[in-house]
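The values are calculated or read from the model by the stated rules, or taken from the named source; none is laboratory data. Computed from a prediction, not measured in an experiment: that's the story for all the values here. All Cβ positions, glycine included, derive from the backbone under ideal geometry; neighbour counts span all protein chains shown.
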Amino acid sequence: MNEGKSSIFGVTTVLMVANILVYIGTSVASGNFFETSTSIMATFGQLNILVIRGWYWQLFSSLFIHANITHLVGNMLFLLIFGFKIEGLVDNVYYLVIYFAAGLLGNLLSLLLGPQVISVGASGAIFGLFGAYTAYLGASLGSSIILAIFYGSYMFLLNVRSGVNILAHFGGLVAGILIGLIISKKRKPEFFEG
């Protein structure tokens with residue numbers, strides 16, 4: 001596997017542009033730039049009862065829907081930070097595997113919140129990037145998994161508050177840590193002759 005190289009035109013930028021364009025679209029459809037309507041979030045986000053009835057695509061589409069402008073800006077800031085860090089470590093395929101697997105696990109766990117709950121946002125996927133980065137870096141430097149769990153738990157606890165889908169964050173974090181550890185094991189150290 002080739003080491004990734006962070007670029008202004010990389011996966012992080014593409015995901016950020018996609019999230020911003022989707023937010024603009026949902027703003028127009030909602031008739032409000034600052035807040036996405038409940039009907040739009042129920043249709044394109046994750047309304048658990050609809051997922052249970054077969055709208056499985058919502059498990060992915062909800063990763064690009066945000067409740068309001070503050071939600072979008074916060075997520076894009078963290079995507080920028082951890083996305084570029086991951087781009088510097090892994091190739092595009094692994095990046096996308098981390099992002100979507102973490103988002104999917106977070107959204108699957110969100111089904112436990114009840115049938116009438118609506119979940120939106122890229123937070124689970126972004127927590128996955130954070131978890132993968134921490135685990136990968138720790139394993140590559142010979143640190144134990146405890147460090148990844150410690151930093152992951154700290155970030156997780158910072159986000160425990162009303163209105164925040166902690167199951168999505170937790171699922172994303174766990175998926176990211178596991179994938180980060182798997183990737184670090186697959187990578188072979190490079191040796192250079194002096």
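Out of (1) more than 28 Å from Gly114 (Cα to Cα); (2) surrounded by fewer than 13 Cβ atoms within 10 Å (Cβ to Cβ), what's the single condition that is false for Thr12?
It fails just one condition, (2).
Write out, first by first residue and then by second, each pair whose Cβ atoms fall under 8 Å of each other, whose residues are 6+ apart or on separate chains, and whose first residue, in segment 84-103, is in a helix (DSSP H, G or I) while the second is surrounded by fewer than 18 Cβ atoms within 10 Å (Cβ to Cβ) and not basic (Lys, Arg).
Within 8 Å, the pairs are Phe84/Ser6; Lys85/Ser6; Glu87/Ser6; Glu87/Ser7; Tyr94/Met1; Phe100/Phe60; Gly103/Phe60.
Of these, Leu80, Leu96, Leu113, which one is touching a strand residue (DSSP E or B) at 6+ places or on another chain (Cβ under 8 Å) and surrounded by fewer than 17 Cβ atoms within 10 Å (Cβ to Cβ)? Full working, then the answer.
Values: Leu80 fails: touching a strand residue (DSSP E or B) at 6+ places or on another chain (Cβ under 8 Å); Leu96 fails: touching a strand residue (DSSP E or B) at 6+ places or on another chain (Cβ under 8 Å).
Within the list Leu80, Leu96, Leu113, the selection yields Leu113.
Just one of (1) part of a helix (DSSP H, G or I); (2) modelled with pLDDT of 90 or more trips up Pro115, so point out which.
(1)
Return yes or no: is Thr26 buried (at least 16 other Cβ atoms within 10 Å of the Cβ) and of a type in the set (Val, Ile, Thr)? Explain how you work it out, then say what you get.
Values: buried (at least 16 other Cβ atoms within 10 Å of the Cβ): yes; of a type in the set (Val, Ile, Thr): yes.
Taking the combined requirement at face value, the residue satisfies it.
Every residue in segment 25-47 that is farther than 11 Å from Asn68 by Cα and in contact with a Leu (Cβ under 9 Å, 6 or more places away or on another chain), please.
Selection gives Ala42, Thr43, Gln46.
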